[in-house]
Every structure is written in structure tokens, then in C-alpha cells.
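Engineer: Take this structure first; my questions come after.
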Amino acid sequence: MVRSFYDKIRAHEILGPIFNAIITDWEDHLNLLTDFWETQLFLKRKYHGNPVTAHQGVDAKMGRIITPEHFGLWLNLWFETLDELFEGETAWIAKNRAQKMSTMLYMQIYLHRQSES
């Protein structure tokens, strides 16, 4: 799932340039994201990181260009990938968590920008 999704992200005309500019080791990043989603969906506690600070850092490196629309595009591709590969309760949970997470992450980016002003 993670690989299929990020293949789409990397090729996307708007999201691809952002992700490809930030991520230098895709294999390592895919492993990290797999751990993240296993933690989110199956409570395996494999992920040890801070997505908020990571996304705030991406926003800073990209010149504060990240918008809610970027997260909307990300969600559309996430939903599309899940719909292609899965159905049922876990797919619904993955969609729901991603939707809540995207809102929270953008709000944290926005608040971080305000605190730096």
C-alpha cells in the first residue's frame, strides 16, 4: 500500500516536486512510512518519530508554500490507492485517520508559521 501510494505521489505533477526535493533516500522513507501506518492501523508501535515537526520542516524548506490544497491532493491519492487495494473496516479507518491527520498537520504548519512571525 505505502509503495503504491508513494509511486503515485512521486509522479504527481504538483506533489511530486515537493516530495522529490525533500526525500533523498526513498527506500528509508518508505520503511519509515510503513512503520508509521502499521502503528496507526495495527497499533504495532513501530514508528518513533514526530510527523508534526517533520511536516513543519518540509514547509520551511519549501519556502512556506504548503497549502490545504496540497493535503487535499495527498488525500485524494491516498483514498484512490486504498480503494484499489482494499475494502472494509481497516480501509475506512485508514481513510479516516489520514483525513484527520491531514487537517491536524496543516493546522500545526499554520500555527508554526504564525509563531515565527
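The values are calculated or read from the model by the stated rules, or taken from the named source; none is laboratory data. Source: prediction; values computed, not measured. Here the Cβ positions follow ideal geometry from the backbone for every residue, glycine too, while neighbour counts run over all protein chains shown.
Engineer: Can you go through 53, 67, 34 and tell me which one is β-branched (Val, Ile, Thr), farther than 19 Å from residue 108 by Cβ and modelled with pLDDT of 95 or more? Please lay out each step first, then the result.
Structural biologist: Numbers: 53 fails: farther than 19 Å from residue 108 by Cβ; 67 fails: farther than 19 Å from residue 108 by Cβ.
Of 53, 67, 34, the one residue that is β-branched (Val, Ile, Thr), farther than 19 Å from residue 108 by Cβ and modelled with pLDDT of 95 or more is 34.
Engineer: May I pose another question? Taking the range 51-77 as the search range and keeping residues that are in contact (Cβ under 8 Å) with a residue 24 or more places away in the chain and among the charged types (D, E, K, R), which one is nearest to residue 23 (Cα to Cα)?
Structural biologist: In this case the residue turns out to be 61.
Engineer: Residues in the range 27-50 that are farther than 20 Å from residue 82 by Cα and either in contact with a strand residue (DSSP E or B) (Cβ under 8 Å, 6 or more places away or on another chain) or surrounded by 14 or more Cβ atoms within 10 Å (Cβ to Cβ) (or both): how many?
Structural biologist: The qualifying residues number 2.
Engineer: While we're here: Examine the range 53-75 for a residue that is among the small types (Gly, Ala, Ser), under 17 Å from residue 98 (Cβ atoms) and under 13 Å from the mean Cα position of the chain (by Cα), and state whether such a residue exists.
Structural biologist: The initial filter retains those residues of the range 53-75 that are among the small types (Gly, Ala, Ser), namely 54, 57, 60, 63, 72.
Checking the rest, the ones that are also under 17 Å from residue 98 (Cβ atoms) come to 54, 72.
Then keep just the ones that are under 13 Å from the mean Cα position of the chain (by Cα); that gives 54, 72.
Looking through the range 53-75, at least one residue is among the small types (Gly, Ala, Ser), under 17 Å from residue 98 (Cβ atoms) and under 13 Å from the mean Cα position of the chain (by Cα).
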